[in-house]
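A short write-up of the structure that comes next.
The values are calculated or read from the model by the stated rules, or taken from the named source; none is laboratory data. A quick note: this is a predicted structure, and the numbers were derived from the prediction, not measured. No Cβ is skipped: glycine too gets one built from the backbone with ideal geometry, and neighbour counts run over all protein chains shown. Side chains included, ligands, DNA and RNA excluded: accessible areas come from the protein's heavy atoms. Shrake-Rupley method; radii C 1.70, N 1.55, O 1.52, S 1.80 Å.
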Amino acid sequence: MLTERQEIIDLCLNYPGVYEDYPFHDPNWCVMRHQENKKVFAWIFEKDGYIWVNVKCDPEWISFWRNAFESVIPAYHLNKAYWNSIILDGSIPDKEIRIMIGNSYDLTAKKRRKEEIRC
């Protein structure tokens, strides 16, 4: 069951071209970034006794995740139209957490131009 900070950091580090960053000089706030474009795809922090992960979400799916799990809510400190907070309280299956993090990774990755894709 994914409930620990390091488990989420390790999960994120399994994606290609990713690094861990602490931009606020506050060890509570870890962000996971793409090396290519420096964009954040996961904000990891502790709040109210749980580890939280903010992830970007396709607007078509944002309400789905919030309705599916009580522990997925509008993102803490981010644009609520595009970001959700996942509260790691043990109520969300690991598979679903992995899907949400993977979607966030994909949505924040560098966009490839058609010429680059054809090569």
Given a 1.4 Å probe, the accessible area of the chain per residue, as a whole number of Å², is 59
The chain: antiparallel bridges as % of DSSP beta bridges, rounded to 5, reads 100
If every Lys and Arg gets +1 and every Asp and Glu gets -1 at its Cβ, then about the Cα centre segment 7-112 yields a dipole, in debye to the nearest 20, of 560
Probe 1.4 Å, all chains present, heavy atoms only: ILE73 accessible area in Å², nearest 10, is 50
For segment 1-42 the chymotrypsin sites (Phe, Trp or Tyr not before Pro) that pass both the DSSP coil test and the at-most-14 other-Cβ-within-10 Å test are PHE24
Taking protein heavy atoms only, a 1.4 Å probe, and rounding to whole percent, the accessible area of the chain owed to carbon and sulfur comes out at 51
Taking the chain and counting helices only, DSSP H stretches of n ≥ 4 at -39,500 (n - 2.57) each over all residues, the nearest-500 ellipticity at 222 nm comes to -9500 deg cm²/dmol
For the chain, the charge dipole (Cβ of Lys, Arg +1; Cβ of Asp, Glu -1; about the Cα centre) points to a positive end, and the Cα of HIS25, SER85, ALA109 closest to that extreme belongs to ALA109
Summing +1 per Lys or Arg and -1 per Asp or Glu among the other residues with Cβ less than 13 Å from THR108's Cβ gives +3
Each label sits 7 Å from Cα toward the beta-carbon; between ASN79 and ASP106 the label points are separated, in nm, by 2.0
Output for segment 49-114: GluC sites (Glu not before Pro) sitting in coil per DSSP, at most 14 other Cβ within 10 Å, listed by number, reads GLU70
Per GNM of the chain with C-alpha springs under 10 angstrom, the most fluctuating residue out of ALA68, ALA109, ALA81 is ALA68
By the Cα gyration tensor axes a ≥ b ≥ c (a/c under 1.5 gives rounded; else a/b larger than b/c gives prolate, otherwise oblate), the shape of segment 42-115 is prolate
SASA check, LYS95, accessible area w/ 1.4 Å probe, all protein chains in place, rounded to nearest 10 Å², comes out at 140
Contour minus Cα-Cα span, ILE9 to ASN28, at 0.36 nm per residue, comes to 5.6 nm
